[in-house]
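Before any comments, here is the structure.
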Amino acid sequence: MRSSIIEKPPADLRVAPNWSDTAAARAAFSWQVEATGLSGLPGGGLNLAFEAVDRHAAGPRRTHVALRLLGRGERRREVSYGELGRLTSRFANLLTTLGIKPGARLFVLCNRGLELYLGVLGGLKCGCVVAPLFSAFGPEPLETRLRLGEGEVLLTSEALYRRKVAALRDKLPLLRHVLLYDEENGALAVEGTHDLHRLLGEAADEFTVAPTTADSPSLLHFTSGTTGSPKGALHVHGAALTHYVTGKYALDLHPGDVFWCTADPGWVTGTSYGILAPLLLGVTSVVDCADFDAERWYAILERERISVWYTAPTAIRLLMKAGAELARGHRYPALRFVASVGEPLNPEAVWWGQEVLGLPIHDNWWQTETGGIMLANTAAMAIKPGSMGKPLPGIEAAVVEQREDGRLDILGEETLGELALKQPWPGMFRAYLGQEERYRRCFAGDWYLSGDLARRDADGYYWFVGRRDDVIKSAGHLIGPFEVESALLEHPAVAEAAVIGKPDLLLGEMVKAFVSLKGGFAASEALRDDLLGHARKRLGAAVAPKELDFLPSLPRTRSGKLMRRLLKARELGLPEGDTSTLENPS
Ligand code: ATP
Ligand code: MG
């Protein structure tokens, strides 16, 4: 047993007390590390990037392709594990030369590309706390996050810097260094910044990885801001175990796989599964550096012989919208497993996968806070379309209700309550930056409360009902928006649907729906009646919407989640709150 991997976090890193910090949890963790084949650092301790890259770079997978980067048009570049090991060491050396010490916060504001991987992995090797940012953020959300996260170094492209960061520099006194690169590889000369590629060229290939432990902070991820202001969730290096195990069991990754995760690198999925899990498992990741394009995506699935594909309902919706003909223009013989996360996956989407790709889509559930997949429809079990699946091995989940005195009641089958987790993997977050009280409120005894409402069926599958904040209480009924939205989505005219609770004297709250229409359909009174009638027939009068508005599109976060709170604020004429992650402010 490798007890040296487990150590107390240094006090100066301001990690909130670790709720799984018990002797039993520590012993179990050491055992789990042994069982996965993670090696730990040569001198003791654990480092995510060492496990993801250096372990392979020094072994038989040295020449295996780690990254296959697809540029615009036909451009592509392959990077082996050995090369990735050297390049990330150069990045870590470069940071050290700049005087960056372990524990410093490195922000990464990058589009998909090699620099993103060097920044995240090189930063982790150096012991930095790495914080990815959405490249589509405007200056204000960037400033808030850099300030809250006390960013000391920023890695970004010249174009993003000029457009979004340059004007903020004076307001960020802690930001000591900005590393710039030109996405087109031109010469760089921007005052007050460093030329990344020049410094990389001068740095050495050898680097001794910082002596981090399983409890050292590793990544800072901001939540999507769907239900309120984004929270900064702090994770630790021990999360390597979560990424490894969930990549293996929930995504079914095997050594020969070619894996494609389509998540944006600014969101936790883009790091946990866009960077870390596939590398930890030694597979080849395809990285598409271009924007979404349905035809291009089908071509990638076919040409790159993708075997495991991890995407999201928002992308699947776009593909469905583009029509099945486009998909049938390609063949996917290599494709073996398709999974989705981020939002409820409507049963229609599961069947669409079967029809168009020849494979059903496996939904799974997790959050920024959990750092990795917790519930899943795995390869080893039957999919129940519309369900998030079952807890992964080692995860104890339950549907609970919190009493007035704070104690929890564990609820039985088919009862609506809050989804809770007990002693999950070490990928679990350790703090909400600057919000210790908010962090503590997530826990009750041994349980972590997810804020999502769900029910469990007799076979142990979990069904998403809605966010705790989004649930509607109408005439004594608790109504989950997802169920109502799914019913509306069955109607051929509906592209997107969202429902909210609107205060009503008689009912307490009444259900109000917002829908956007598919191409070829126009809003009309007749269509409104038809939609309301369809919902009544499917759901019954007590649950169906009483009002319905047409909108050109629905407000979503940049990670594709419906912002019901914004629809509600607008409906009730209330302040809109934090809209920093809103995708299309108009
Ligand atoms: P915030 O916490 O700031 O409001 P957020 O919860 O949307 O934002 P994320 O951590 O990115 O931020 O998203 C996690 C949430 O996404 C889950 O709590 C859940 O509500 C939703 N989600 C994720 N996967 C699924 C899924 N398979 N089915 C239903 N909902 C899902
Ligand atoms: Mg959340």
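The values are calculated or read from the model by the stated rules, or taken from the named source; none is laboratory data. Just so we're clear, the structure is a prediction, and the values are computed from it rather than from any experiment. Glycine gets a Cβ as well: all are built from the backbone with ideal geometry, and neighbour counts include every protein chain shown. Side chains included, ligands, DNA and RNA excluded: accessible areas come from the protein's heavy atoms. Shrake-Rupley method; radii C 1.70, N 1.55, O 1.52, S 1.80 Å.
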*What is the residue count in the range 398-411 for residues that are modelled with pLDDT under 95 and part of a loop (DSSP other than H, G, I, E, B)?*
5
*Mind checking which pairs have a first residue in the range 395-409 that is among the acidic types (Asp, Glu) and a second that is surrounded by fewer than 14 Cβ atoms within 10 Å (Cβ to Cβ) and not in a loop (DSSP other than H, G, I, E, B), Cβ under 7 Å, 6 or more apart or different chains?*
Glu401/Asp409
*May I ask you to verify whether His221 is within 16 Å of ligand 2 (Cβ to nearest atom), crowded, with 23+ Cβ neighbours inside 10 Å and modelled with pLDDT of 90 or more?*
yes
*Odd one out for Thr208, checked against (1) more than 16 Å from ligand 2 (Cβ to nearest atom); (2) touching a residue at least 12 places away in the same chain (Cβ under 8 Å)*: (2)
*Pick out the one residue from Pro141, Pro173, Pro211, Pro102 that is at pLDDT below 95 and out of contact with any Leu (no Cβ under 6 Å at 6 or more places or on another chain).*
Pro141
*Starting from residues that are of a type in the set (A, V, I, L, M) and surrounded by 13 or more Cβ atoms within 10 Å (Cβ to Cβ), keep the ones in the range 452-476 and report whichever is farthest from ligand 1 (Cβ to nearest atom).*
Ala475
*Considering only residues that are free of Cβ contacts under 8 Å to residues at least 60 places away in the same chain and closer than 20 Å to Phe222 by Cα, look in the range 425-451 and name the one that is surrounded by the most Cβ atoms within 10 Å (Cβ to Cβ).*
Leu449
_Looking at the range 227-241, I want the residues that are touching a residue at least 12 places away in the same chain (Cβ under 8 Å) and have a partner that is of a type in the set (Val, Ile, Thr) and not in a loop (DSSP other than H, G, I, E, B) with Cβ atoms under 7 Å, at least 6 apart or on another chain. Which pairs are those?_
Leu241/Val33; Leu241/Thr36
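To keep it simple, each residue is scored yes or no on (1) under 30 Å from Glu150 (Cβ atoms); (2) at pLDDT below 90; (3) assigned by the TED database to the domain that holds His534.
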| residue | (1), (2), (3) |
| --- | --- |
| Tyr432 | yes, no, no |
| Arg440 | yes, no, no |
| Trp463 | no, no, no |
| Ala495 | no, no, yes |
| Leu506 | no, yes, yes |
| Phe514 | no, no, yes |
_Any hit, the range 516-534, residues being within 30 Å of Lys231 (Cα to Cα) and outside the structural domain of Ala136 (by the TED database)_ = yes
*Could you please give the count of residues in the range 160-191 that are open to solvent by less than 80 Å² (accessible area, probe 1.4 Å) and assigned to a loop (DSSP other than H, G, I, E, B)?*
7
*Filtered residues of the range 177-205 (kept if under 30 Å from Gly434 (Cα atoms) and either within 29 Å of the chain's Cα centre (by Cα) or within 16 Å of ligand 2 (Cβ to nearest atom) (or both))*: His177, Val178, Leu179, Leu180
*Kindly establish whether Ala66 is among the small types (Gly, Ala, Ser), open to solvent by 50 Å² or more (accessible area, probe 1.4 Å) and at pLDDT 60 or above.*
no
*Here is a list of conditions, (1) touching an Asp or Glu at 6+ places or on another chain (Cβ under 8 Å); (2) within 16 Å of ligand 1 (Cβ to nearest atom); (3) not aromatic (Phe, Trp, Tyr), and Leu188 meets all of them except one; can you say which number that is?*
(2)
*Subset of the range 227-249 [open to solvent by less than 10 Å² (accessible area, probe 1.4 Å), out of contact with any helix residue (DSSP H, G or I) (no Cβ under 7 Å at 6 or more places or on another chain) and either within 11 Å of ligand 1 (Cβ to nearest atom) or hydroxyl-bearing (Ser, Thr, Tyr) (or both)]*: Ala233, Thr242
*Do the conditions hold for Val471, that is, is it modelled with pLDDT under 95 and within 31 Å of the chain's Cα centre (by Cα)?*
yes
*Looking at (1) within 16 Å of ligand 1 (Cβ to nearest atom); (2) out of contact with any Cys (no Cβ under 8 Å at 6 or more places or on another chain); (3) over 18 Å from Cys128 (Cβ atoms); (4) open to solvent by less than 10 Å² (accessible area, probe 1.4 Å), find the lone condition where Leu280 falls short.*
(1)
*asked:* For the range 405-425, check the following and say yes or no: at least one residue is within 21 Å of His254 (Cβ to Cβ), touching a helix residue (DSSP H, G or I) at 6+ places or on another chain (Cβ under 9 Å) and not hydroxyl-bearing (Ser, Thr, Tyr).
replied: yes
*Is it the case that some residue within the range 443-451 is acidic (Asp, Glu) and either closer than 23 Å to Lys390 by Cβ or touching a Ser or Thr at 6+ places or on another chain (Cβ under 6 Å) (or both)?*
yes
*From Ala420, Ala454, grab the single residue that is of a type outside the set (Phe, Trp, Tyr), under 19 Å from Thr223 (Cα atoms) and either within 16 Å of ligand 2 (Cβ to nearest atom) or touching a Gly at 6+ places or on another chain (Cβ under 6 Å) (or both).*
Ala420
*If only one of Asp252, Asp215, Asp264 is more than 22 Å from Leu95 (Cβ to Cβ), outside the structural domain of Gly560 (by the TED database) and more than 15 Å from ligand 1 (Cβ to nearest atom), which one is it?*
Asp252
